[in-house]
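The values are calculated or read from the model by the stated rules, or taken from the named source; none is laboratory data. These figures come from a predicted structure and were not determined experimentally. Reconstructed Cβ throughout: ideal geometry from the backbone, glycine too, with neighbour counts over all protein chains shown. Ligands, DNA and RNA are stripped out before the accessible areas are found, and what is left, the full protein with its side chains, is counted by its heavy atoms. Shrake-Rupley method; radii C 1.70, N 1.55, O 1.52, S 1.80 Å.
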Amino acid sequence: MEPLHLTYTDGHVMVFDADTVLRLRRDYRIVGALEGSHPTNPQQNNYYGLPLILLPEEVALLSADPSITGLEQAQGAHSEQEQLRFDLFKDLHKRGFYITRGIKFGADYMLYPGEPMRYHSHYIVNLVDHQDKITPRQLIALSRLGTSVKKTRILCSWDSTVQQFIYVSVDWSEIG
């Protein structure tokens, strides 16, 4: 496979080449986020164009691949929370999901069973501390939001006693 060169600029890894974007999606299941204005209609904000900006977790995952260059200056996790997010991202990626930011739905990630241009996401993922207590009200709010957008909410936490992530899916169904 031909080496892939990415560009680290001003704290972000950005991709300006459409062929590289396609290769990242096809060969690595890396989606990133298009952030540029669309060249034919720069005033609209429904569809974005190049550059593609990679999530820090995507950069960390790609930096382990020796065929990818240009990430030497990209820094890894700084805090325990950032490391947990990367470990969760890596675990979900190993399970075959395409992963995007979940901020639009109050989550850490959105999971897709296949290429996001062809599939809707099935899951909304939140990383929660294994020791934190979730109140019934919080649980209802999280599950209702997931259900209202036809997605299953997944709460993930790192259990240090078994050294793995614990996944709990939450759906809301009306009783009555």
Gap separating the Cα centres of segment 129-153 and segment 17-90, nearest whole Å: 28
Gain in span if fully extended, HIS5 to LEU22, counting 0.36 nm per residue against the direct Cα distance: 4.8 nm
Value of relative contact order over segment 1-56, rounded to a whole percent, pairs C-alpha under 8 Å and six or more apart: 36
Hydrodynamic radius by Kirkwood, which averages 1/r over all alpha carbon pairs of segment 40-119, in angstrom: 14.5
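Using +1 on the beta carbon of Lys and Arg, -1 on that of Asp and Glu, and nothing else charged, what's the dipole of segment 101-176 about the Cα centre, debye to 20?
300
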Within a Gaussian network of the chain (alpha carbon springs, distance under 10 Å), most fluctuating of ALA107, ALA60, ALA77: ALA77
Gaussian network model of the chain, Cα within-10 Å springs - most flexible of VAL59, VAL149, VAL21: VAL149
Options TYR48, THR20, ALA64, ranked by Cα towards positive dipole end of segment 12-72, top entry (Cβ charges): TYR48
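To the nearest 20 debye, what charge dipole does segment 1-78 have about its Cα centre, counting +1 at the Cβ of each Lys and Arg and -1 at the Cβ of each Asp and Glu?
Once rounded to the nearest 20, the dipole reads 220 debye.
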Descending principal axes extents, segment 94-176, alpha-carbon based, whole Å: 40, 37, 21
Segment 78-176, relative contact order [Cα under 8 Å, separation at least 6], %: 19
Debye, to nearest 20: dipole size of the chain, +1 on Lys, Arg Cβ, -1 on Asp, Glu Cβ: 780
Relative contact order (percent, whole number), the chain, Cα cutoff 8 Å, 6+ residue spacing: 15
Radius 9 Å from Cβ of SER157, net charge of other residues (Lys, Arg +1; Asp, Glu -1): -3
Listed residues LYS90, LYS133 arranged by accessible area, highest first, probe 1.4 Å: LYS133, LYS90
Largest-first ordering by accessible area, 1.4 Å probe, given options PHE16, PHE105, PHE89: PHE16, PHE105, PHE89
Distance in nm between pseudo-label sites at HIS120 and THR69 (7 Å out along the Cβ direction from Cα): 4.4
Cα-only radius of gyration and Dmax that characterise the chain, units Å: 17.6, 59
GluC sites (Glu not before Pro) restricted to segment 23-130 and DSSP loop, no more than 15 other C-beta within 10 Å: GLU72
Solvent-accessible surface ranking, highest first, for TYR109, TYR98 at 1.4 angstrom: TYR98, TYR109
Mean ellipticity per residue at 222 nm, deg cm²/dmol - from DSSP H runs of n ≥ 4 across the chain, formula -39500 (n - 2.57): -8000 deg cm²/dmol
